[in-house]
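These notes concern the structure reproduced below.
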Amino acid sequence: MKRYGSHPELISDRPNSYTHRYSLESNGGRRNRTLSTSANLQGFLDEFGRFSRRTISTSDMRKRLMSHHEHYDESSPLISHGHSQTSVVSEEYSEDSDDLKCHTISNTETIIHLLKGNIGIGVLTMPIAISNAGLFGGILGMIFVAVVTIHCMHTLVIAAQSIVSKRSDVEFLDYADTAQASFEEAGGRWAKCAKGFGRLINIFLCMSQIGSNAVYILFVAQNIMPVVETYLSPGWNYRIYIAILLIPVTLTCLVRNLKYLSPLSVVANILEFVGLGIIFYYIFATPLPETSSVPAFGSFAKFPIFFGTAIFAFEGISVVLPIENQMTNKQDMLGWAGVLNVSMVIIACLYISMGFFGYLKYGAEVASSITLNLPQNDLLAQSSLLMFSLAIFFSYALQFYVVMDIIGPNIIKPRVSDRMYLTVDYLTRILLTVFTLGLAATVPWLDLLVSLLGAVKMSTLSLMAPALIDSTAHWNTDSRGKFIYRSIKNIIVFTIGFLGCVIGTYISLQDIIHNFQHGEE
């Protein structure tokens, strides 16, 4: 049976078969308490790691299955071949099937994963985003961005499910797989571009993660700086804080096993949600100003900045398919009351609430991250800054794992010997970390950096690419009327993404250059 995935096996969650057999024997009277305790602890850690992951890598089900079949070819890179890791495995895998079934996730777990996959730094930049579009203009804009991005998530899932249903040798697809397979389904000239389109998606995914990590480091540096300056007053520039972060960040990025990083995801989740609670406490601690105290609508020239920041916040389109692949009931993902809609409506409401009330509270004084508007001498506010800084620091390592999960098997492995692979892998990790921190140190304006990344990468991944995938996946199956409707709809979505990318990039770069010229920091 062939399966599409995107990356070779780096870790395995599958319970050890020896431990499994031993536990069966122990039921007959042979019991070793030490081994039993060890097995239970290992099982807990495996389950803990599986649930807490947030990556765009392929479903863990494929990893557990592939790693236990001798025909699995780890050397088959996505960029060198037409598909992401095609492998032939034995049809006799009843034990593996039972194991995979028990490792799928429920609808509630799916919602939690989708929430974590979308809620990040973007929620903290919503007030500054709204300030660029006006109070009510920003709310309307957020609703529009939410509707369009959620629709594109739906089209991506539908396209993947449609392709899987047509191919008996394919069990699940990730984002790049779906992009490539949809072009192949369309045939003709589309098929000739299939391999290149899949590569392009992976390139943008890598750019997305590296760019997001630069934003993360800039956020951490700018949020720990007020706390340190309050108590120690060293008078350091934010770049010194970035330099200090280089060593701990590099050390965490050298961890190659996701199992050891998984607990950090749980800690990051807890810290983020507690931090959000503290922010809302400060927002509502005193009466809010009247809505007339801030502009209802912003200038048209600033709207592209809003668009880039808003679409950056909806950053989870790359995790939708891997999460859907792990669901026990995949049919529950879609529909008006489906898991995807429920999750994204919750996220949209959180973003709109943070943007609306945060901008109304702080008005023209709103900072690039609302955490910087909290009273710097207040202990609770300082704890919030440290919570978010620690949470984002942990998230950096998880996001970096995603980058290497693409670069390692697709770029490094085909080009170096097995003996040199680890050396080159570690060297690549160090160089990428230095590059990312250097990028963070170059552009000190968090809101403009977020807007630039949102315009470049998220307009592509969240709007333009899904529009193309939706059209090509149904190119040969739609009736004439449905084909016309789908084409018009996707042309509109693609155009929105294209204009947002071009105009947003231009305006963001223009503002960044302006700030550099005037020596603003």
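Summary table
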item: Additional length obtainable on full extension of the chain from R189 to I484, 0.36 nm per residue less Cα span; result: 104.3 nm
item: Translational diffusion coefficient (Stokes-Einstein; Kirkwood radius from C-alpha pairs) of the range 268-405 at 4 °C, 1.567 mPa s, in µm²/s; result: 74
item: Mean-position separation - Cα centroids, the range 291-337 and the range 369-433, in angstrom; result: 23
item: In order through the range 140-151: 3J(HN,Hα) via Karplus (6.51 cos²θ - 1.76 cosθ + 1.60), integer Hz, x for Gly, Pro; result: 4, x, 5, 4, 4, 4, 4, 4, 5, 5, 5, 4
item: Amide proton proximity set for M327, modelled H, under 5 Å, gap of 5+; result: I105
item: Net charge over other residues, Cβ less than 14 angstrom from the Cβ of H474 (K, R count +1; D, E count -1); result: +1
item: Segments 110-116, 485-491, 442-448 sorted - mean Cβ within 10 Å per residue, highest first; result: 110-116, 442-448, 485-491
item: Highest average packing first - 307-317, 453-463, 152-162, Cβ atoms within 10 Å; result: 307-317, 453-463, 152-162
item: Chain lengthening between T291 and N329 when straightened (0.36 nm per residue, less Cα-Cα); result: 9.2 nm
item: Table column - 3J(HN,Hα) (Hz), the range 467-477, Karplus curve with 6.51, -1.76, 1.60, x for Gly and Pro; result: 5, 5, 5, 4, 5, 6, 5, 10, 4, 9, 10
item: Reciprocal of mean inverse Cα separation for the range 176-334 (Kirkwood radius, Å); result: 20.8
item: Surrounding net charge for M387, when Lys and Arg each add one and Asp and Glu each subtract one, Cβ distance under 15 Å; result: -2
item: Phi to ³J(HN,Hα) by Karplus 6.51 cos²θ - 1.76 cosθ + 1.60 over the range 249-256, Hz, x for Gly, Pro; result: 5, 4, 4, 5, 6, 7, 6, 9
item: Order by protection proxy (mean Cβ within 10 Å, highest first), peptides 413-422, 428-437, 374-383; result: 428-437, 374-383, 413-422
item: Gain on full stretching of the segment that runs from V255 to S299 - 0.36 nm per residue minus C-alpha separation; result: 11.2 nm
item: For the range 354-440, alpha-carbon Rg over 2.2 N^0.38 Å; result: 1.64
item: Likely footprinting exposure, W475, W236, W336, fewest C-beta neighbours within 10 Å first; result: W336, W236, W475
item: Links that overshoot a 27 Å alpha carbon limit, given the list K330/K482; K116/K302; K116/K413; K192/K482; K116/K166; result: K116/K302; K116/K413; K116/K166
item: Sequence-distant residues sharing a close amide H with F172 (under 5 Å, placed H); result: Y4
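Readers should treat all values here as calculations from the given coordinates under stated rules, not as data from a laboratory. If you're wondering where the values come from, they're calculated on a predicted model, not measured in any experiment. Glycine gets a Cβ as well: all are built from the backbone with ideal geometry, and neighbour counts include every protein chain shown.
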